[in-house]
Amino acid sequence: MTESLSRFTRLAMLLALIAVMLWAVAGCGEQAGEQPAEEPGEGEAAEEVAGENGIVIGYDQEPQILNSFIQGGDLAATSDMTAGILQAPLRITPDLSTLESAYQPELAESQPEVVSEDPLIIEYTLREGITWSDGEPLTSEDARWTYEQIMDEDNQIITRVGWELIESFETPDERTVRITFSEPYAPWRDLLATAILPKHIYENEDFNTALNNEIVGSGPFVLEEWRKGQDLTLVKNENYWGEEPALDRITFRFIPDTNTLITSLEAGEVDFINPPPDIGLIERLENIQGAQVETAAGTTWEHIAFNLEEVDNLQLRQAIAYGINRQQVVDEILQGEVPPLHSILVPEQGDFYTPAWEQYTHDPERARQLVEEAEAAGAETTITFSTTAGNALRETLQQVVQQQLQEVGIDIRIENTAAQTFFGQWTVEGNFQMGEWAWLASPDPSVTTLFSADQIPPDGQNYYRYENEQVTEWLNEADRTVDVEQRAELLRQVQEQMAEDLPLIPMFQRPVTYAFVEGLEGPEVNPTLAGPFWNIEEWSISR
Amino acid sequence: MVDQRRTGAGGGIESSEVMQAAEAAGEEYGKVEGRTQREIVWRRFKRHRLALISAFVLILLYISAIGAPVFAPYGYEEQDFTRINQPPSAENIMGTDRLGRDTFSRVLYGGRVSLMVGLGVGVFSTALGAGLGIISGYYGRAVDVGIMGLTDFVLVLPFLPVMLVLGSIFRFTPLTITLVLIVLIWTQIARLVRGEVLSLRDREFVQAARAIGVSDFKIMVRHILPNVVGVITVQATLTVALAILLESALSFLGLGIQPPTPSWGNMLTDARTTMTQQWWLTIFPGMMIVITTLCINFLGDGLRDALDPKAVE
Amino acid sequence: MLAYIIRKILFSIIILFVASFVIFYLVSLSGDPLQELALNPRVSQEDIERLAATYGLDQPVYVQYGIWIRDILLYGDFGLSFKQNTDVNSIIAARIWPTVLLMGSSLIFTLAIAIPFGIYSAIKKYSLIDNIGTFLSFVGFAMPVFFLGLILQLVFAVYLTEWLGVRVFYVSGMSSRGGGVIDLLQHLFLPMVTLSVVSIATFTRFQRSAMLDVLSAEYLRTARAKGLSERTVYLKHALRNALIPTITLIALSAVSLIAGAVITETVFSWPGLGFLLIDSLYKGDYNVARALLLITAVLTVLFNLLADIAYSIVDPRVSYD
């Protein structure tokens, strides 16, 4: 037995060696990647699945339902899946510099006309000869029916914000829509960027269930098949009223794990991915042979939030603002891919934006002084810092900030929890001192629900418990001001004042990253909620 | 210990096995008779060379984990932005991570967390499980029904939601994770021990002890416990390994120990997306998990052989 | 005996009731499914309250529980998914085939390797093959599952494909559209292997020790004494008895069929029940999570009960009162 044991030991060592070698191959297998493969496997499988003129998109989340109006349809997945199917009078483009460039006519013939500012009356005309994918004409009656569905009490509509201000929805003729609001409503374009649904198909169906698993629209593609848990496929709309799309077929494969998503592109199983920002993501994507990578600053912005009931000392907040080296933070976690953000709106929003937080440059000296003053006033310099657990980007940010603030005499304790609990309980109940999260921004610059004093939970999303009457007044006034110049002026005032009050410190815009195979043309980063597939009819593939 | 040998000789079933053992071991039978139980166990254990090596490695690991503040060249939170993502070098023998932290130091401190969670869960859930298992098996009837009801109940408790909810109440620290794992894991040991005790409690030596008026507590501790100590020890080692693996699995699901406190599990999870670029960030914590659980399993195997009264050599 | 079984069953039912409430309550504590909507600045608090009322989320927990358990007991209806606006039953039904496929093939793969190996190891104790097997099964135990999956993906799907120029295995998903059986197997292989490694380790060890127990039993000595050939002894007498404990273990591990592969399914994007569970928990799709947990609980109790009863029948030494 002793003899066999020693043999066993030798064997064990050999096996361990093999295991380590295998591991090394897996770990630093770039050598393998560099070998010139005569017949690269890249793209092969994706091609097999999608056919000559189709693509496979790796997508990290499966939609729950396809109806984006009702509860469950709030995920980005729903709007991304239906981007090629549904159309709206206006569509959101990546050019946010003016409202008119951000919202461009899609089903509407031209930019809507503001007939009167007070009372606000908007009128637009639908294009001539547009049809649903079944060939039936798309008319103003469909637009009205869609509005009626949103207002129908029996439907589980997610939001009626804006819609409830509509006093009358008139359709003078088949192509004209005239909307009268009960009070001026500046973000009215958002309502016109909402899809129109076909009345003749869903008229007699239950709106809460009929559009969950299948959907009919007027766009360049139609839904072919949704294999739950696996993939969803679109094919070319044979009756499309516009220019024929280049692609015949688009398959969305659902791959929830980011790492697997990237590996799938690497293995050539998918042609396009848009993974969420992560540490070292770009570097990894750029290492993939034959992949193109595109990235841009998005309109979702990360920020450090204060619960003003807990961190009520302004000097302490200023100390934190001066103590954090925001440039270093973005350099650390995103390799400087995006610059630090200086406001609660994004620069892409043109006139509405002003870099109000620019004054808070890294100044540890000043920060230390402010900490001392705050301490003298009795402020607690140990602060807990919370965010959603499992998000590497945020957790790294916390650790960098923790280190930076330690140098100016502020002790940061990190306490995180699952996103569910963080947004479901902590922010709502005010169970945090300093937090880190992101807001999704719509191209329209209204931020009233976030910072107005009458929006403190449970009434709204002012999780900062920020109460400034002046700001509240400006915000509400801005929402009622249809004139773009005046509205921009009010919102710039809001930003300047908030930079003084410091209920939050903006950090950066989340980068939006697309990676796709060579030969795929057309993807153009759209940082807004309109998502990557806003121009899917222009995509083409050559293998 | 002495009791167990007596049982071995007196019990109906074991006697035949001792005979077999004697046959198999040939002339060794006589020598065995002259040793104490402890000597026999140690002698058998020593022969399992891999288990011996494993025990040695584990002791080293625990020493380095406990002494992490002494051995680690840097603090686990110490960031150095001039040295980001460096491969292993003389200065940082396991390289540095995305914040310029020294991987070697983090592996040591991470070991502290992982090994302590493992040991804590192993010891306490085994103690709890074994205690309740013995009581349940020994008393039977209502006590048994009650305790087994409790184990059945814990068994059906949904592991993930419990973690999710408790995580939102207590926040995840090494201590709370250990506690939660103890509460959720002890049942297996309890069931196993109870099963053993059920077949022991009506045996001659227990009946004899009862007849001469030995108290229940004494019977359980002095007569029953030594007979199940083998099962318990082996199970305890396996539980340590299980807890270390569970911690890493929980980290993967975002429910593990929260940064900046390192654990092997969360280090491995954090680094997995950059595995092809910064291989040193996955290999070292990954290796540590594999080596540790491997050693624990070998140790358990060695103990099983050494403690098994029926073992044929 | 009968009395014992009846008592045990009654007891199990009580446990299940308590557990069902705990499950219901715990899941609802894990966060508010509608509050995530609040992240969208275009959703107002009134919108959220209105939706809460439609789903009955504004009722006290015990009322919600009462309705939930009544529908399950009376109609076998697990309620409505908050997120998918469809009944939970059909959501779960859609995931059963992928789950059974993955679990079933993994079980077959496991047994096909573990049983012969375990038996061989026991017969040829301490042989070279026994030692290799022992070592490998320990390594199998020691690997974190997600890590193993990651390595397999890189080696067998990325590097192997690049090296061969032909795809053999897939990184993710269950099947390609319009793919046949071969395509399914190409997708199935890696998750199946990942899932099997730990169980192969367990079953091999288990089978080995069961066989060792049998080999030292007296009836085998008798069989040998009768002059039967070694082959007959092993195959006819030993094997049959050594398989009984393995079958018990299979029955007990059947519970993990429901959600035992959360991590493997996540890593390989396999559309099974385990992934559905974690996904619904994170998304706050309460009723889906509750249904899966309750089903798991029922099966756990059921299989334990069966094991208990079997145990009491098989082992006459165990007395019950």
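The values are calculated or read from the model by the stated rules, or taken from the named source; none is laboratory data. Please read all numbers here as calculations on a predicted model, not as lab measurements. No Cβ is skipped: glycine too gets one built from the backbone with ideal geometry, and neighbour counts run over all protein chains shown.
Details
- Considering residues of region A:66-109 that are within 23 Å of A:P198 (Cβ to Cβ), away from every other protein chain (no Cβ under 14 Å) and small (G, A, S) only, the residue surrounded by the most Cβ atoms within 10 Å (Cβ to Cβ): A:G84
- Exactly one residue out of B:T261, B:T292 is surrounded by fewer than 24 Cβ atoms within 10 Å (Cβ to Cβ) and touching a residue at least 24 places away in the same chain (Cβ under 8 Å): that is B:T261.
- Among the residues here, C:S106 does not qualify as in contact with a helix residue (DSSP H, G or I) (Cβ under 8 Å, 6 or more places away or on another chain), of a type outside the set (A, V, I, L, M) and under 30 Å from B:H48 (Cα atoms).
- Note on region C:147-177: residues that are among the β-branched types (V, I, T), free of Cβ contacts under 8 Å to residues at least 40 places away in the same chain and within 13 Å of A:L261 (Cα to Cα) total 1.
- B:R112 among the basic types (K, R) and out of contact with any helix residue (DSSP H, G or I) (no Cβ under 8 Å at 6 or more places or on another chain): no
- Apart from one condition, B:S105 fits all of (1) in contact with a helix residue (DSSP H, G or I) (Cβ under 7 Å, 6 or more places away or on another chain); (2) buried (at least 22 other Cβ atoms within 10 Å of the Cβ); the exception is (1).
- Meets criteria (surrounded by fewer than 21 Cβ atoms within 10 Å (Cβ to Cβ) and within 14 Å of chain B (Cβ to nearest Cβ)) for A:Q292: no
- Of the residues making up region A:196-219, none is closer than 18 Å to A:G522 by Cβ, of a type outside the set (D, E, K, R), surrounded by 19 or more Cβ atoms within 10 Å (Cβ to Cβ) and within 8 Å of another protein chain (Cβ to nearest Cβ).
- Test for A:G336: is it within 14 Å of chain B (Cβ to nearest Cβ) and part of a loop (DSSP other than H, G, I, E, B): yes
- Contact map, region A:92-105: residues that are β-branched (V, I, T) paired with residues that are modelled with pLDDT of 90 or more and surrounded by fewer than 18 Cβ atoms within 10 Å (Cβ to Cβ), Cβ distance under 6 Å, separation 6+ or inter-chain. Pairs shown: A:T93/A:Q104.
- For region B:81-92, the set of residues classified as in contact with a Gly (Cβ under 8 Å, 6 or more places away or on another chain), of a type outside the set (K, R) and within 21 Å of B:M275 (Cα to Cα) consists of B:F81, B:I84, B:N85, B:Q86, B:P87, B:P88, B:S89, listed by residue number.
- In region C:136-179, the residues that are surrounded by fewer than 20 Cβ atoms within 10 Å (Cβ to Cβ) and of a type in the set (F, W, Y): C:F156, C:W163
- The helices (runs of 4 or more DSSP H) falling completely within region B:202-285 that include 2 or more residues that are over 20 Å from B:V113 (Cβ atoms) map to B:204-211, B:225-252.
- Evaluated against (1) of a type outside the set (G, A, S); (2) buried (at least 21 other Cβ atoms within 10 Å of the Cβ); (3) under 29 Å from B:L250 (Cα atoms); (4) free of Cβ contacts under 8 Å to residues at least 12 places away in the same chain, C:I108 falls short on exactly one condition, (2).
- Helices (runs of 4 or more DSSP H) wholly inside region C:114-181 that include at least 2 residues being under 30 Å from B:S263 (Cα atoms) and within 27 Å of the chain's Cα centre (by Cα): C:128-142, C:145-152
- Search result, residues across region A:350-390 that are assigned to a loop (DSSP other than H, G, I, E, B), within 14 Å of chain B (Cβ to nearest Cβ) and not hydroxyl-bearing (S, T, Y): A:H362, A:A389, A:G390
- Annotation: of all residues in region C:209-222 being more than 11 Å from chain B (Cβ to nearest Cβ) and at pLDDT 80 or above, the one that is farthest from the chain's Cα centre (by Cα) is C:M211.
- Top-ranked residue of region A:238-279 - restricted to ones that are among the aliphatic types (A, V, I, L, M) and assigned to a loop (DSSP other than H, G, I, E, B), ranked as farthest from the other protein chains (Cβ to nearest Cβ): A:A246
- Across region A:458-475, not a single residue is classified as outside any loop (DSSP other than H, G, I, E, B), buried (at least 19 other Cβ atoms within 10 Å of the Cβ) and within 14 Å of chain B (Cβ to nearest Cβ).
- Taken as a whole, the structure places A:E183 among residues that are within 24 Å of A:L99 (Cβ to Cβ) and assigned to a loop (DSSP other than H, G, I, E, B).
- For region A:150-166, the tally of residues that are outside any loop (DSSP other than H, G, I, E, B) and farther than 19 Å from C:L80 by Cα stands at 6.
- Region A:429-457 - residue that is at pLDDT below 90 and either of a type in the set (V, I, T) or part of a helix (DSSP H, G or I) (or both) and, of those, farthest from A:R492 (Cα to Cα): A:E429
- Pairs with Cβ under 8 Å, 6+ apart, first in region A:391-405 and more than 7 Å from chain B (Cβ to nearest Cβ) and among the aromatic types (F, W, Y), second part of a helix (DSSP H, G or I) and surrounded by 21 or more Cβ atoms within 10 Å (Cβ to Cβ): none
- Considering region A:419-428, the residues that are touching a Ser or Thr at 6+ places or on another chain (Cβ under 9 Å) and within 7 Å of chain C (Cβ to nearest Cβ) include one that is modelled with the lowest pLDDT, namely A:Q420.
- For the condition assigned to a helix (DSSP H, G or I) and either in contact with an Asp or Glu (Cβ under 6 Å, 6 or more places away or on another chain) or farther than 16 Å from A:S218 by Cβ (or both), A:I121 does not qualify.
- Among residues of region B:279-296, those that are farther than 25 Å from C:G133 by Cβ and within 12 Å of chain A (Cβ to nearest Cβ), counted: 6
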